[in-house]
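Here the structure is laid out as structure tokens; the discussion comes afterwards.
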Amino acid sequence: MTPPAGDRDPAHTPVRVLLCDDHAVVRAGLLALLSSAPGIEVIGEAGDGEEAVALAAALRPDVVLMDLQLGSGIDGIEATRRIARLPEREAGREAGREAGREVECDDGRDVEREAGRADGRDDGRDAAGRDAAGRGAPHVLVLTTYDTDADINRAIEAGATGYLLKAERPEELFSAIRAAAAGRSTLSAPVAHRVLAQMRSPRPGLTDRELDILGQLARGLSNREIARALFISEATVKTHLGRIYDKLGVDTRAGAVSVAKEQRLLP
């Protein structure tokens, strides 16, 4: 039986992990794999982003192992962003109670009370959002097959502690989970290479013509329709699209529009 958080010896406390992947088979495989790792305990599973955020708030794991593509609903990036902000929300509720107010979350349920029910004890966080065991927000470790510059940048900006590819060896995954629990960053070698390459050779900005094409792309126009709208040839559109993809670090039309919106390149 796991002792209460306040009675644990940090040196012998297992890293508490929440899994988030929309494929049940993948979650089952990760659960079996992590069950073989000493010092790691899987305390919950989520099949989508909303569920991951809710479980992270209720169970307060040390690490959330997060996939990026999660089917319908919010993606792994947005889920990461919300989980990284959990202590701020808890701190706000704590301050509200000290002022004699009852502060509730958006759906009318008190998250702190729900968390207390989930692990069988009353929950008490300090003004910094840490619980009785000194935990703040769960650290998010991305585990995905996607290694584009856009995905990496978005995950890191959202607050991910580490970024690991699913092709890594089990030992690397175990090590990354333990590092994430301690607040240390871990990047797969290909990911680290991409990050360094970006730092050494920043991509140039988009030209006015490329921004024009990007705007038409956001409207859902085909290459032929873009060519007609801008009075250029389809071949020219394709050339510009290739340059846009390269500059934004994406390889699809949807990816270009998504990154452009995040970087406020579109009106």
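The values are calculated or read from the model by the stated rules, or taken from the named source; none is laboratory data. Just so it is clear, the model here is predicted, and its values are computed rather than measured. Cβ coordinates were reconstructed from backbone atoms using ideal geometry, including for glycine residues, and neighbour counts include every protein chain displayed. SASA here: full protein model, heavy atoms, side chains in, ligands and nucleic acids out. Shrake-Rupley method; radii C 1.70, N 1.55, O 1.52, S 1.80 Å.
The single residue among ARG209, ARG184 that is within 18 Å of the chain's Cα centre (by Cα) and open to solvent by 30 Å² or more (accessible area, probe 1.4 Å) turns out to be ARG184. The set of residues from segment 222-243 being closer than 20 Å to PRO267 by Cα and under 30 Å from the mean Cα position of the chain (by Cα) comprises just one member, LEU241.
Conditions: (1) over 16 Å from LEU18 (Cα atoms); (2) in a helix (DSSP H, G or I); (3) open to solvent by 40 Å² or more (accessible area, probe 1.4 Å). ALA150 meets all but one. Number of the miss? Of (1) over 16 Å from LEU18 (Cα atoms); (2) in a helix (DSSP H, G or I); (3) open to solvent by 40 Å² or more (accessible area, probe 1.4 Å), only one is false for ALA150: (3).
The residue that is surrounded by the fewest Cβ atoms within 10 Å (Cβ to Cβ), counting only those in segment 235-267 that are touching a Gly at 6+ places or on another chain (Cβ under 8 Å) and part of a loop (DSSP other than H, G, I, E, B), is PRO267.
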